[in-house]
Amino acid sequence: MTLLAAANGISLPGTDDPINVSQTVGFALLAALMIWAAIRVVTTRNVVHAAVWLVVVLAGAAAQFILLAAEFVGVTQVMVYIGAVIVLILFGVMLTQAKLGNDPNLSRRNWYGGAVVAVVLFGLLAFATIDTFEDAKLPEDRRMALPAAEVGDGEVPRTESNTGAVSDAVFGAYLLPLEVLGVLLTAALVGAIAVARKD
Amino acid sequence: MTPAQVLALDPLLIDVDWGVVGIVVLKVVVAFTLLLVSVLFMVWFERKAVSDLQNRIGPNRAGPFGLFQTIADGLKFFMKEDSIPDRADRRVFVLAPYLAAVPAFLVFAVVPIGGDFSDGNRGVIRIFGHDTLMQVADPPVGILFVLAMSGIAVYGIMLAGWSSGSKYPLLGSVRASAQMVSYEAALGLSVAAVVLFSETLSTNGIVAAQVPWGWNLWATGLVPFVIFLIAATAELNRPPFDLVEAEQELVGGFNTEYASFRFALFFLAEFMNVVTMSAIIVTLFLGGPAGPVLVGPGWMWGTIWFTVKLLGFLFLFVWFRATLPRFRYDQLMVLGWKVLIPLALGWFLLLAGLKVADGADWNPIAVVAVAAVGLLAGYGLLASALWAARRNRELEGEVSI
C-alpha cells in the first residue's frame, strides 16, 4: 500500500480478482470518445459548438462513473455539470456573442502555454492515480465500503448503499473540507458580483 | 478460469436467462407504447377540456368525440416539407429536437406505474417465473435521475433557439433557459424534503414509504407539494409560465423555424413531459400506485390507483392553462428567486430540524419555535437587503420595480 492510500485509510481492492474485460472495453470506448470530444472542444471555431462538445466530455465522465458502479456520483455529475454549469455557460454565451458559423478569432496565439499546463496536469494526475492504486482491480462486489478508519469498534460497516456511504464520508471524515469548500464558493460568488456590479 | 470468464461475456448465449431478457424487453416496449398512447390521449384531452372550459366544442370530426384528431395531426406532420432555414446551424438544428424528446422518454423509465403495495409488499409482481417491479428500472438514485433528465431537457430548447439563426427563437430559448434553471432549484429543494421523509432516493422506495395513507403530501406539510407543483408547471413551460412560446411577443418561441417531423418531436416532448411530470408528482407526494385493494388481484389495483391519481393532475394542468393568465417576465423571476427558493429552503430546514428533534427526543414545540425565530430572522435580513437594493436603485433614478 502506498503512502497516499495509507494516509487516507482507503482499503484497496484485491489484486487477485480476474480482470473484467467487458468493463475495460467499455472504459476504452468511452475514453476514446471523451478524448475526441475534448480535442474538438479546443479545435472547433464556434463557442456554442465548443460548449456542446464539452457536454459530451462531461457525459462521458458520468458514464465512466456509472461503469464503476458509482451511480450517485454519475448522476450528480450530470445534474451539476451538464444540467447547471454548461447551461449557465451557454446562457452567458447566448446573451453576449452567440454568432452562428465560424469565428476565426477564437484561437489565441499563446495556446502553447495552455498545452504545457494540460500536459503537466495530466502527468500529476496520472502519477497520483497510478501511485495510489498500483495494479489494484475493482472488486466483483461493487458496493463501496467505508474506509476502515471510519468504522468504530463493534460497529458493523454500512455497505448497503453507495449513496449512504458517500454521504457518511462527506459528512463524516471530510466534513471540514466540505464546509471550507462551501465558504470558498460563496466567497467566489460574492466576489464575482462585486466585480460585475461596480455601482 | 473458463474462457467465458476471460472474455467476461457469453458469445454463445448459453448462460443467458431468456425470461429476464424477455421481461426487460417487454417492460421497455410497454412503457414506450404506454407513453406514446397517453400523449395521443393527452393532446385530445387537453383540446377537449379547454374547449369545454371555454364554451366551445373542440375537435369532433375525426373518430368518435374527435378521438383520432391527434393521429390525423400527427400524420399531417409527417407529410409536410422538412425545411431547414438557410442561416441555421444545420447539425445543431437537427440534433436539438432529439435532445428534447429523448430525456422526456427516459424519465418515464423510473416511474412505478403499478404493483401491489398493500400489506408490506413492495410492488413486486411475478411474470415468466421472475419477480420484478412495474417500472422499467429502479436505480438506487431514481429521483436524482429524474432531476438530471430535466436538466438535460433544457439543451433541446436552448440549442433549438440558437441554431435557428433567427432572433425570436433565440429570445424564446434565452427566456426558457433562464426560467428552467431558476425553477429547477425550487424543484430540487422540494424533492429534498420528500427524500428526507422517505429516507431513500429510489422511486420504488419513496412509494413504499407512503403506504397506504402516509402520503408525503401531508407528511411534509403541503408546502413542498405546492412548491413542486408551481415549479413543475414552470419547468414544463406551461401556462401561466409559457413565456417561452408567448405567441404575441415571440411569434412561436424557440420552435418557430421548425417544421414537419422535427416540430412533431418538440410537440411530443412537451406533452410527454406533462404526463411524466404528473406521474412524478403522484409518485413523490400521493403514494404512486399505493392504495387499498378492494376486490381482485393486488397488482391491478396499483395500476388503477396510479391512473386515477395521474388523471387528476393531467386535468389540473389543463385547468391551469384554461384559467390563469400569463406571468410577466419580472414577476416570474421574483416568484422563482425571492419567494419559492427561500420558502422551500426554510421549510426544508424546519423539516430537518424536526427530524433531528425526533431522533434526539427534544421538545418538538420548542424546536418549531426556535426554527421559526431563526427563519424569521433570516427572512428579515433577506427582506432588508432587497429593500436596500430597491432604495439604492430609486436614489440613482433608475426605474423602480
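The values are calculated or read from the model by the stated rules, or taken from the named source; none is laboratory data. Please read these numbers as outputs of a predicted model, since none were measured by experiment. Note: ideal-geometry Cβ built from the backbone for every residue, glycine included; neighbour counts use all protein chains shown. Heads up: the accessible areas ignore ligands, DNA and RNA and are worked out on the full protein's heavy atoms, side chains in. Shrake-Rupley method; radii C 1.70, N 1.55, O 1.52, S 1.80 Å.
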Scan the range B:192-204 residue by residue and report those that are out of contact with any helix residue (DSSP H, G or I) (no Cβ under 6 Å at 6 or more places or on another chain) and not hydroxyl-bearing (Ser, Thr, Tyr).
B:VAL195, B:GLU199, B:ASN204
Starting from the range A:175-199, take each residue that is within 30 Å of B:ARG393 (Cα to Cα) and list its partners that are at pLDDT below 90 and open to solvent by 100 Å² or more (accessible area, probe 1.4 Å), counting only C-beta distances under 8 angstrom and pairs at least six apart or across chains.
A:ASP199/B:GLU396
Considering residues that are more than 22 Å from A:GLY114 (Cα to Cα), surrounded by 15 or more Cβ atoms within 10 Å (Cβ to Cβ) and among the hydrophobic types (A, V, I, L, M, F, W, C), the number found within the range A:23-41 is 2
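In the set B:GLY296, B:GLY346, B:GLY288, which member is part of a loop (DSSP other than H, G, I, E, B), under 20 Å from B:SER190 (Cα atoms) and more than 14 Å from chain A (Cβ to nearest Cβ)?
B:GLY288
Is it fair to say B:ARG90 is open to solvent by 80 Å² or more (accessible area, probe 1.4 Å) and modelled with pLDDT of 90 or more?
no
Here is a yes/no grid of residues against (1) of a type outside the set (Gly, Ala, Ser); (2) outside the structural domain of B:GLY151 (by TED's automatic domain parsing); (3) not in a loop (DSSP other than H, G, I, E, B):
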position: B:VAL211; (1), (2), (3): yes, no, no
position: B:PHE228; (1), (2), (3): yes, no, yes
position: B:THR233; (1), (2), (3): yes, no, yes
position: B:ASN237; (1), (2), (3): yes, no, no
position: B:GLU257; (1), (2), (3): yes, no, no
position: B:ALA264; (1), (2), (3): no, no, yes
position: B:ALA269; (1), (2), (3): no, no, yes
Going by the structure shown, is B:GLY142 in the same structural domain as B:MET333 (by TED's automatic domain parsing), within 30 Å of B:TYR329 (Cβ to Cβ) and at pLDDT 85 or above?
no
Name, by its number, the condition in (1) open to solvent by less than 30 Å² (accessible area, probe 1.4 Å); (2) part of a loop (DSSP other than H, G, I, E, B); (3) facing chain A (nearest Cβ under 8 Å) that does not hold for B:PRO140.
(1)
Conditions: (1) touching a helix residue (DSSP H, G or I) at 6+ places or on another chain (Cβ under 7 Å); (2) away from chain A (no Cβ under 14 Å). B:GLY214 meets all but one. Number of the miss?
(1)
Any chance you could count how many residues in the range B:213-224 are open to solvent by 30 Å² or more (accessible area, probe 1.4 Å), assigned to a helix (DSSP H, G or I) and closer than 10 Å to B:PHE285 by Cβ?
2
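Does B:ALA186 satisfy being modelled with pLDDT of 80 or more and surrounded by 24 or more Cβ atoms within 10 Å (Cβ to Cβ)?
The answer is yes for B:ALA186.
Can you tell me which residue is nearest to the other protein chains (Cβ to nearest Cβ) among those in the range B:144-199 that are among the charged types (D, E, K, R), free of Cβ contacts under 8 Å to residues at least 60 places away in the same chain and in a helix (DSSP H, G or I)?
Result: B:GLU184.
Could we say that A:VAL75 is touching a Leu at 6+ places or on another chain (Cβ under 7 Å) and among the aliphatic types (A, V, I, L, M) here?
Yes: the conditions hold for A:VAL75.
For B:GLU249, indicate whether it is closer than 24 Å to B:PHE105 by Cα, open to solvent by 10 Å² or more (accessible area, probe 1.4 Å), part of a helix (DSSP H, G or I) and among the charged types (D, E, K, R).
no
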How many residues does the range A:59-78 hold that are open to solvent by 20 Å² or more (accessible area, probe 1.4 Å) and not hydrophobic (A, V, I, L, M, F, W, C)?
4
So, in the range A:84-125, exactly how many residues are open to solvent by 60 Å² or more (accessible area, probe 1.4 Å), over 25 Å from B:LEU170 (Cα atoms) and not in a loop (DSSP other than H, G, I, E, B)?
10
Which members of the range B:307-338 meet the condition of being out of contact with any Pro (no Cβ under 7 Å at 6 or more places or on another chain), open to solvent by 70 Å² or more (accessible area, probe 1.4 Å) and of a type outside the set (Phe, Trp, Tyr)?
B:VAL308, B:LEU311, B:THR323, B:ARG328, B:GLN331, B:LYS338
Exception for A:TYR81 within (1) more than 7 Å from chain B (Cβ to nearest Cβ); (2) open to solvent by less than 30 Å² (accessible area, probe 1.4 Å); (3) free of Cβ contacts under 8 Å to residues at least 60 places away in the same chain; (4) closer than 22 Å to A:SER167 by Cα falls at (2)
One residue is enough: does the range B:121-128 have a residue meeting the conditions in a helix (DSSP H, G or I), over 17 Å from B:PRO289 (Cα atoms) and not polar (S, T, N, Q)?
no
Quick check on B:ARG238: is it charged (D, E, K, R) and over 26 Å from B:TRP319 (Cβ atoms)?
no
Subset of the range A:42-58, residues within 9 Å of chain B (Cβ to nearest Cβ) and either open to solvent by 40 Å² or more (accessible area, probe 1.4 Å) or touching a residue at least 12 places away in the same chain (Cβ under 8 Å) (or both), comes to A:ASN46, A:VAL48, A:VAL55
Could you tell me whether the range A:69-81 includes any residue that is assigned to a helix (DSSP H, G or I) and over 17 Å from the mean Cα position of the chain (by Cα)?
no
Answer residue from the range B:33-70, given it is touching a residue at least 24 places away in the same chain (Cβ under 8 Å), among the polar types (S, T, N, Q) and assigned to a helix (DSSP H, G or I) and is farthest from B:ALA109 (Cα to Cα) among those:
B:GLN69
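Which members of the range B:351-390 meet the condition of being of a type outside the set (A, V, I, L, M) and surrounded by fewer than 11 Cβ atoms within 10 Å (Cβ to Cβ)?
B:GLY359, B:ASP361, B:ASN363, B:GLY380, B:SER384, B:TRP387
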